[in-house]
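Have a look at the structure below, then the notes.
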Amino acid sequence: MTVKKLLHTRMRVNDIERTVKFYEQALGLTVARRHTSPRGAQLVFLATPNSEEEIELCQLPGSPSVAVQPDLMHLAFQVDDLVAFAAGLEQRGFKLSDGPTQSGSGSMIAFIDAPEGYEVELIQKAK
């Protein structure tokens, strides 16, 4: 037996509204739904264009502050034109933390830091 499909990935955050704003404004993700868990955690599920998988943001009251270790994990999103996407980010007040860089496969990659230090990779596939 194997699993059927990936449904979502959970990321715990310190400030759920700040994080939702980042993903909406920087990357164009949309809130699919919100609710409070039985343990009192605030949960927000973000939808990504052209993908069934969601990102679940969780702010758990009374828990220790989130401190993301360098290179612990990242999310990767495909973009059509990385240079144009980066210019759009700058116009909206966001800056790349690294790149754009040409990869060995011919793709272009860049990174932007989300709140709490989670890293987001942007990839323009080779043509």
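Nothing in this text is a laboratory measurement; each read-out follows from the coordinates by a stated rule. Keep in mind the model is a prediction, meaning the values are calculated, not measured. Methodologically, a virtual Cβ is constructed for each residue, glycine included, from the backbone with ideal geometry; neighbour enumeration extends over all protein chains shown.
Scanning the range 1-11 for residues that are charged (D, E, K, R) and either over 12 Å from the mean Cα position of the chain (by Cα) or part of a helix (DSSP H, G or I) (or both) yields LYS4, LYS5. Candidates in the range 67-94 are the residues that are touching a helix residue (DSSP H, G or I) at 6+ places or on another chain (Cβ under 7 Å) and not aromatic (Phe, Trp, Tyr); of these, the one that is nearest to GLY117 (Cα to Cα) is VAL68. What do you reckon, is SER51 out of contact with any Cys (no Cβ under 9 Å at 6 or more places or on another chain) and of a type in the set (Gly, Ala, Ser)? In short, yes. Checking each residue in the range 27-74 for being closer than 19 Å to LEU6 by Cβ, among the hydrophobic types (A, V, I, L, M, F, W, C) and either touching a Leu at 6+ places or on another chain (Cβ under 8 Å) or surrounded by 16 or more Cβ atoms within 10 Å (Cβ to Cβ) (or both) picks out LEU27, LEU29, ALA32, LEU43, VAL44, PHE45, LEU46, ALA47, ILE55, LEU57, CYS58.
The criterion of at least 1 residues that are within 17 Å of HIS8 (Cα to Cα) and not basic (Lys, Arg) is met by the following strands (runs of 3 or more DSSP E) wholly inside the range 19-127: 30-36, 42-47, 54-59, 74-78, 119-124.
Note down all Cβ pairs under 8 Å where the first residue falls in the range 16-40 and is aliphatic (A, V, I, L, M), the second is assigned to a helix (DSSP H, G or I), and they're at least six residues apart or on different chains. Qualifying pairs under 8 Å: ALA26/LEU89; LEU29/TYR23; VAL31/VAL20; VAL31/GLU24. Entry remark, the range 51-75: residues being hydrophobic (A, V, I, L, M, F, W, C), in contact with a Lys or Arg (Cβ under 6 Å, 6 or more places away or on another chain) and under 19 Å from ALA26 (Cβ atoms) number 1 in total.
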